[in-house]
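The values are calculated or read from the model by the stated rules, or taken from the named source; none is laboratory data. All figures in this text were calculated on a predicted structure; none of them were measured in a lab. No Cβ is skipped: glycine too gets one built from the backbone with ideal geometry, and neighbour counts run over all protein chains shown. Side chains are part of the model used for accessible areas, which takes the heavy atoms of the whole protein and leaves out ligands, DNA and RNA. Shrake-Rupley method; radii C 1.70, N 1.55, O 1.52, S 1.80 Å.
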Amino acid sequence: MIIRELTLGPIQANCYILGCEETREAVVIDPGDEADRILTTLAKDKLTVKHIIDTHGHFDHVGANKRLKEVTGADILIHKEDAPMLGQLAAAAAAWGMAAENSPPADRLLENGDTLTFGTHRLKVLHTPGHTRGGICLYIEYPQDGKTQKAVFVGDTLFAGSIGRTDFPGGDFNTLINSIHTRLFTLDDDVRAYPGHMGATTIGYEKKTNPFCGMR
């Protein structure tokens, strides 16, 4: 499986492109800004986007939805609880002194346990509220070098040594910690976690060392 990571926009949010090497079908997770960089990366890998998947509705993660959909025709997917945020991106960005285009409405509303396919690969949706009401993570297993690799794309739910903020509208600390323990920390220790900001980590490392996750 192809994994490309782009750090985009003034808030430096991570966007991930996952591609099937056999079919060249792809998904784009959290296209927050700089749509042309995303499109250039897709073109270099000769990938066709099937889904645009938003882990949550904050503008720094979805700000390039509109342009990306216009060019690729891909479906926009987001959890039903965060779907209303897509039409409020310009106002949300302006409150931070920044600019963003409102997104088109979602083509599909996600729920916990949904499965999303691209090429020969399958992503499982994990609803992880707390940073926002509709925050999700995306779990995948894929073959590589004769082994099964496991990864989860965690948006702003979990970071290396930290967690997502809970002081925005729809955020709640106890809800977020519960999501981490019941949806993420039940995964295997060797699962690689790709967050919405900063670098990757593993579920096992965060179980052992994350200072926030023992707070309830």
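Before we move on, is L86 open to solvent by 50 Å² or more (accessible area, probe 1.4 Å) and farther than 17 Å from E34 by Cβ? Walk me through how you get there before you give the answer.
Values: open to solvent by 50 Å² or more (accessible area, probe 1.4 Å): no; farther than 17 Å from E34 by Cβ: yes.
When the stated conditions are applied, L86 does not pass them.
Starting from segment 54-82, take each residue that is closer than 12 Å to V28 by Cα and list its partners that are part of a helix (DSSP H, G or I) and among the small types (G, A, S), counting only C-beta distances under 7 angstrom and pairs at least six apart or across chains.
Every condition considered, the pairs that remain are A64/A35; L68/A35.
Here's a check for you: in segment 118-148, which residue that is among the polar types (S, T, N, Q) and touching a residue at least 60 places away in the same chain (Cβ under 8 Å) is nearest to P84 (Cα to Cα)?
Per the criteria, the residue is T132.
For (1) surrounded by fewer than 20 Cβ atoms within 10 Å (Cβ to Cβ); (2) more than 30 Å from T166 (Cα to Cα), each residue gets a yes or a no:
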| position | (1), (2) |
| --- | --- |
| R4 | yes, no |
| A13 | no, no |
| C20 | no, yes |
| A64 | no, no |
| G73 | yes, yes |
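Against the conditions (1) farther than 23 Å from D75 by Cβ; (2) open to solvent by less than 20 Å² (accessible area, probe 1.4 Å); (3) of a type outside the set (D, E), where does L123 fall short? Just the number, please.
Here L123 clears every test but (1).
What is the one condition in (1) within 16 Å of the chain's Cα centre (by Cα); (2) basic (K, R); (3) farther than 28 Å from L8 by Cβ that K207 does not satisfy?
(1)
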